[in-house]
1. Which one of 106, 73, 91 has the biggest mean-square fluctuation once the chain is modelled by GNM with Cα springs under 10 Å?
2. So how much slack lies between residue 230 and residue 176, counting 0.36 nm per residue of separation and subtracting their Cα-Cα distance, in nm?
3. Rounded to the nearest 0.05, what FRET efficiency do residue 38 and residue 68 have when you use their Cβ-Cβ distance and R0 = 41 Å?
4. Describe numerically, in nm with one decimal, the distance between label points set 7 Å from Cα along Cα→Cβ at residue 158 and at residue 304.
5. Once neighbouring chains are kept in place and the probe is 1.4 Å, which whole percent of the accessible area of the chain is contributed by carbon and sulfur?
6. Round to the nearest 10 and report in Å² the accessible area of residue 258, as given by a 1.4 Å probe over the protein chains' heavy atoms.
7. Hey, how many Å between the Cα centroid of segment 192-223 and the Cα centroid of segment 54-98?
8. From the C-alpha gyration tensor of segment 166-280, pull out the three semi-axes of the equivalent ellipsoid (sqrt of 5λ each), sorted largest to smallest, in whole Å.
Amino acid sequence: MRTLERISKFVGDTFAIWVLLFAVLAFSMPDSFAWLAKYTVPLLGIIMFGMGLTLSTNDFKEVFRRPKDVLIGVIGQFLIMPLLAFGLAKGLNLPPEIAVGVILVGCCPGGTASNVMTYLAKGDVALSVAITSVTTVLAPVVTPFLILLFASEWIPVNAGSLFWSIIQIVIIPIILGFLAKTLFQKPAEVGAKALPLISVIAIIAIVCGVVASSQEKIATSGLQIFGVVIIHNVLGLLIGFLFGKMLGMDMAKRKAVSIEVGMQNSGLGVAIATAHFSPLSAVPSAIFSVWHNISGPIAATIFSRMKGQEEDGETKLSLPSKNTTIEK
């Protein structure tokens, strides 16, 4: 089991490299990887089941201990990234499928990788975990509403269908994972140790399926999508930090909010796009999945060198068990 743990940790630590490598392979040999696209939803369900295995009631206690801080993070998550996505889509006059894809990833909840990045940034990890948990629970209602609000200009949106999809893809697997952990605690703890490896394999498969199935369109518009994704992510990190500062948060909390806002559950964006829109509209989420696992460590390194007057007394550096899951 220790060997599996070491392999799992190594693969998790080098996640971005593996995703980039296999994305290039999928682009070069699309016929060998295109079949993976039809498994996007069950693959994301596996990742969400893993998240459920690592959840605990403590993850939600911060909501009651510090409701204001959590509310700031949740509002920032569901306000900044969707507005940025809409602004980029309009301002850059993006083609409809790409515009919808950018808006999709902007409307998704936070990804669990943000919790790890907050830890590395010496930020408020407990707050980060609480924001991720709350935005994930709210996603079935808030994400379809935001997609309807911002994307309907380009494409018809069925909010009810999106709601049910997110329940199936995210909420049900998380509940099943949490129940499995509660009912079968020891086996669940053993299984959780392999979660980084399983999550990385699932994300690689999702990205490869999207890249392979949209290879021709990526060849003509891939650089544009990549540029928009980078701008979206970087602005999210920056504005998230300034948003926390504007509302009087200390440095550790600002770091948490910044990373929560900037890093998305892009796997959900891929699944929604694949199930309800088009393969090309899934590409921004797939690229975001790769890019935010490059920008996240960079931001964490920069943030780790930034100290506030209150940080020494308030920064929480204990890494919650939830962070063993890689997002997506």
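The values are calculated or read from the model by the stated rules, or taken from the named source; none is laboratory data. Everything quoted here is computed from the prediction, not taken from an experiment. Because the Cβ atoms are built from the backbone with ideal geometry, glycine has one as well, and the counts that use them run over all protein chains shown. Just so you know, the surface numbers come from the protein's heavy atoms only, side chains and all, with ligands and any DNA or RNA stripped out. Shrake-Rupley method; radii C 1.70, N 1.55, O 1.52, S 1.80 Å.
1. Most flexible of the set in this elastic network: 91.
2. 16.0 nm
3. 0.40
4. Going by the 7 Å Cα→Cβ label model, 4.7 nm.
5. 69 percent
6. 0 Å²
7. The two parts, judged by their Cα centres, are 23 Å apart.
8. 28, 26, 13
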